[in-house]
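Right, one structure below, let's go through it.
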Amino acid sequence: MTLTEYYSEFMQDIYARAGAEKDFCGVVFSERMCEYLMDQAIIEQYAQVGFKKSTRGVKVDAWSYNPDTEVMHLFIADYRANKSMEHIAQTEVTKNFKKVEKFFMKSIEPGFHSSLEETEPGYALSREIYEKRDSISVINIVLLSNASLSSRVGAINDGKLKSYNITYDVWDISRLWRIDSSKNVKEDIIIDFK
């Protein structure tokens, strides 16, 4: 199966799930990607957030926290509702990561979560971050995209955000295709009985 065929099949699955669940495709995409990451044992569980405040420049779509490893995974979705696959550029990757970083930094401040309505999707996550701010040691920001990462995107270096170690990861459609394609490859086993 080619990448283009994989993309088409993947998107048909998103449309079917969205239609069956009467939900938005972007939300279904985030769920589908987080479920995939659970299947790959990257995370154990996740919670959907779907929080976006354009005026504040923050966005988070899902999250997961593992108290044993003290790793907070924050997911942002770059969902594109196009029939043909697009590419995601370095500037878009960086911009998405910055939105999540900003949300995290605001959330460790005392007043941010209380400035949100308790019914807002981001409230529970922001409060969770604030309450666990001393036990979180690593923030893993993950960009989920149904676009293909441009070949021009350079290495994304891990770093520090205040006293927190921060790692970045991109799960794009090409990465899913490569993993799923490698599962279907059969290797010949040669046994020498001499």
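Checked against (1) of a type outside the set (S, T, N, Q); (2) farther than 29 Å from Asn82 by Cβ; (3) part of a strand (DSSP E or B), Tyr168 meets all criteria but (2).
Can Gln40 be described as exposed (fewer than 15 other Cβ atoms within 10 Å of the Cβ), more than 11 Å from the chain's Cα centre (by Cα), of a type in the set (S, T, N, Q) and under 17 Å from Asn140 (Cα atoms)? Taking the combined requirement at face value, the residue satisfies it. Any idea which of (1) assigned to a loop (DSSP other than H, G, I, E, B); (2) loosely packed, with under 12 Cβ neighbours inside 10 Å; (3) not polar (S, T, N, Q) is the one Lys160 doesn't satisfy? Condition not satisfied by Lys160: (1).
For the range 93-113, filtering for residues that are open to solvent by 30 Å² or more (accessible area, probe 1.4 Å) and either without any contact (Cβ under 8 Å) to a residue 40 or more places away in the chain or of a type in the set (Val, Ile, Thr) (or both) leaves 5. With respect to Ala18, determine if the residue is touching a Cys at 6+ places or on another chain (Cβ under 8 Å), of a type outside the set (Asp, Glu) and either closer than 25 Å to Met105 by Cβ or outside any helix (DSSP H, G or I) (or both). No. Taking Met33 as the residue in question, decide whether it is surrounded by 15 or more Cβ atoms within 10 Å (Cβ to Cβ), under 23 Å from His87 (Cβ atoms) and modelled with pLDDT of 95 or more. Spelling it out, Met33 is indeed surrounded by 15 or more Cβ atoms within 10 Å (Cβ to Cβ), under 23 Å from His87 (Cβ atoms) and modelled with pLDDT of 95 or more. Scanning the range 48-63 finds no residues that are assigned to a loop (DSSP other than H, G, I, E, B) and at pLDDT 95 or above.
Is at least one residue of the range 133-144 of a type in the set (A, V, I, L, M, F, W, C) and free of Cβ contacts under 8 Å to residues at least 60 places away in the same chain? Break it down into steps so the answer makes sense when it comes.
Applying the first criterion (of a type in the set (A, V, I, L, M, F, W, C)) to the range 133-144 yields 136, 138-139, 141-144.
Restricting the remaining residues to those that are free of Cβ contacts under 8 Å to residues at least 60 places away in the same chain gives none.
For the range 133-144, residues of a type in the set (A, V, I, L, M, F, W, C) and free of Cβ contacts under 8 Å to residues at least 60 places away in the same chain: absent.
Does the range 72-91 contain at least one residue that is open to solvent by less than 80 Å² (accessible area, probe 1.4 Å), among the acidic types (Asp, Glu) and assigned to a strand (DSSP E or B)? Yes, the range 72-91 contains at least one residue that is open to solvent by less than 80 Å² (accessible area, probe 1.4 Å), among the acidic types (Asp, Glu) and assigned to a strand (DSSP E or B).
I'd like the residue in the range 114-149 that is over 20 Å from Lys52 (Cβ atoms), of a type in the set (A, V, I, L, M, F, W, C) and not in a loop (DSSP other than H, G, I, E, B) and, out of all such residues, is most open to solvent (accessible area, probe 1.4 Å). Within the range 114-149, the match that is most open to solvent (accessible area, probe 1.4 Å) is Leu149.
The values are calculated or read from the model by the stated rules, or taken from the named source; none is laboratory data. Every value quoted in this text rests on a predicted model; they were computed, and no experiment measured them. FYI the Cβ positions are ideal-geometry reconstructions off the backbone, even for glycines, and counts take in every protein chain you see. Note: accessible area is taken over every heavy atom of the protein model, side chains too, but ligands, DNA and RNA are not part of it. Shrake-Rupley method; radii C 1.70, N 1.55, O 1.52, S 1.80 Å.
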